[in-house]
Amino acid sequence: MDTNINLNVFHSKVNLLNLDPKKMQLFLTSIGAKNFAADQIMKWIYNHNCYDFNKMLNISKNIRKKLNQIAYIKISNFSEEKVSSDGTKKWITSLNEQKIETVYIPEKKRSTLCISSQIGCALKCDFCATGKQGFNRNLTTSEIISQILQAKKKLKDKKLTNIVFMGMGEPLLNLNNVIAALKIILNKNGFGLSKRRITLSTSGIIPAIDKLSQKVDVNLAISLHASNNDIRNLIMPINKKYNIELLLNSVSRYLKNSNANRNGVTIEYVMLKNINDSIKNAEELAYILKKIPSKINLIPWNSFKNSSFTSSTINRINIFANILRKKGFSTTIRKNRGEDINAACGQLTGNIINRSKNHL
Ligand code: SAH
Ligand code: SF4
């Protein structure tokens, strides 16, 4: 169901999980409910996991009856679970077309849910398993939100502290549905997460970064992965449309309006042996990021079947990191989590096939 639905014309029943808080209110007042009914129904759904209108006893009987006629609440269920030796869990949702994946990463001080926004991805980055599988379709807002509802149910008392849009797909190519999902995640009657605990990772769809900044403020992570356009053109076809200079300018524009990114934007940089991991590349990266307040996250490359890349050695990654640190950049090296269940970055394909393990 499209979230841009004309609320006056209902040809089919509406799944309320597709409505952001404002649309929920419009929808409910259009059927004669009180202004605060939207808050109440959101609380039932997102705080109490209640999907049955008949049980929402603080909603008037008349409105409950109408809701049963014109609306429904349907979550997409997880159909499979894989647990890694490091505690990471991968949950699979079977949609008609294909499977999507959601990854739960518990750590000492936080627990992060990595969610998918599309089935596959059209952008075909060379080093990414999702990109290699091609694009199928955008997820609806309800399919995005269902991943969180389901995870919360599975985790029972354990709290989710962070949500990252780093699963399958390019979130900014599914902008409207992702923005609606972000609004539900941020809303106090929704999941009520602070903007600093939500991260959207993008390969850099410039018009969408500008549009996002008008609509919602969350942490931004940029998949830069190269220190110059020659290298980026080679591994990320999107760079031919939106090159590094244009991308970094749009990041600056986003940062100007953003409170969530007060400590700088996250720059993601996958470490590919002999492609982008030289000392010169590290120096060049520091140079191009000079004017962008940023934290750099170096990602050891995760292997998958039929790929020609090799990850940089841990020794090389440390040298690279130290150059950036000396230039004043806060630099972290991402720990690979859930590798034994193919749940690590860039290993998500929705297919349950065995891929070779990553050897650093
Ligand atoms: N499409 C978005 C978000 C999903 S990918 C984006 O590209 O930003 C999440 C992160 O994993 C991105 O930084 C992506 O570039 C990185 N990634 C993709 N394939 C990878 C691989 N095989 N090994 C390590 N990181 C990978
Ligand atoms: Fe798509 Fe991101 Fe993978 Fe590139 S890295 S193919 S943008 S999911």
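For the pair residue 229 and residue 83, label points projected 7 Å from Cα toward Cβ lie 5.1 nm apart. In plain terms, the chain from residue 210 to residue 284 could stretch by 24.0 nm, reckoned as 0.36 nm per residue minus the Cα-Cα distance. Our note on the geometry: Cα centres of the stretch 146-194 and the stretch 94-131, 13 Å apart. Computed extension gain for residue 243 through residue 126, at 0.36 nm per residue and net of the alpha carbon distance, reaches 40.5 nm.
Just to verify a number: FRET efficiency for residue 157 and residue 26, C-beta to C-beta distance, R0 = 51 Å, to 0.05? The value I calculate is 0.90.
Using a Gaussian network model of the chain in which every pair of alpha carbons under 10 angstrom is joined by a spring, one finds that among 298, 95, 186 the greatest mean-square fluctuation is at 95. Computed from label points 7 Å out along Cα-Cβ, the spacing between residue 262 and residue 176 is 3.5 nm.
Along the charge dipole of the stretch 78-341, which of 79, 257, 296 sits closest to the positive end, that is, farthest toward it, with unit charges on the beta carbon of Lys, Arg, Asp and Glu (+1, +1, -1, -1)? Final value for the positive-end residue is 257. For the stretch 78-341, dividing the convex hull volume of the Cα atoms by the residue count gives 127 Å³ per residue. In the chain, a dipole from Cβ-located charges (positive for Lys and Arg, negative for Asp and Glu) runs towards its positive end, and of 344, 37, 275 it is 37 whose Cα lies farthest in that direction. Contact order for the chain, expressed relative to its length and based on alpha carbon pairs under 8 Å spaced 6+ residues apart, stands at 15 percent. Helices in the chain that qualify as membrane-span-like (whole DSSP H runs, Cα extent of at least 15 Å along the helix axis, mean Kyte-Doolittle hydropathy of 1.0 or higher) are 175-186. GNM remark for the chain: springs join alpha carbons under 10 Å apart, and the peak mean-square fluctuation among 156, 74, 327 falls on 156. Computed over protein heavy atoms with a 1.4 Å probe, the carbon and sulfur contribution to the accessible area of the stretch 78-341 reaches 48%. Here residue 211 is the anchor, and the aspartates and glutamates within straight C-alpha reach of less than 16 Å, apart from those fewer than 8 places off in the same chain, are 170.
Within the stretch 252-288, the trypsin sites (Lys or Arg not before Pro) that combine a DSSP coil assignment with at most 15 other C-beta atoms in a 10 angstrom radius are 262, 273. Listed here are the pairs 124/295; 23/290; 154/273; 65/183; which of them are more than 31 Å apart at the Cα? Beyond 31 Å: 23/290; 154/273.
In this Cβ point-charge picture (+1 for Lys and Arg, -1 for Asp and Glu), the stretch 14-72 has a dipole of about 200 debye about its Cα centre. Placing a pseudo-label 7 Å from each Cα along the Cα-to-Cβ vector at residue 310 and residue 194 gives an inter-label distance of 4.4 nm. Split the chain at each of the GluC sites (Glu not before Pro) in a DSSP loop with at most 16 other beta carbon atoms within 10 Å, and the longest piece is 108-360. Only helices enter this figure: runs of n ≥ 4 DSSP H residues, each worth -39500 (n - 2.57), summed and divided by the residues of the chain, yield -9000 deg cm²/dmol at 222 nm to the nearest 500. Subtracting the Cα-Cα distance of residue 273 and residue 62 from 0.36 nm times their residue separation leaves 69.5 nm of extension gain. For the pair residue 322 and residue 43, a Förster radius of 51 Å applied to the C-beta separation gives a FRET efficiency near 0.55, rounded to the nearest 0.05.
Summed over the residues of the stretch 225-288 and divided among them, the accessible surface reaches 46 Å² per residue at a probe radius of 1.4 Å.
The values are calculated or read from the model by the stated rules, or taken from the named source; none is laboratory data. Keep in mind that what you see is a predicted model, and the values were worked out from it rather than measured. As a convention, Cβ positions derive from the backbone with ideal geometry for all residues, glycine included, and neighbour counts pool all protein chains shown. Surface accessibility is based on the protein's heavy atoms, side chains included, excluding ligands, DNA and RNA. Shrake-Rupley method; radii C 1.70, N 1.55, O 1.52, S 1.80 Å.
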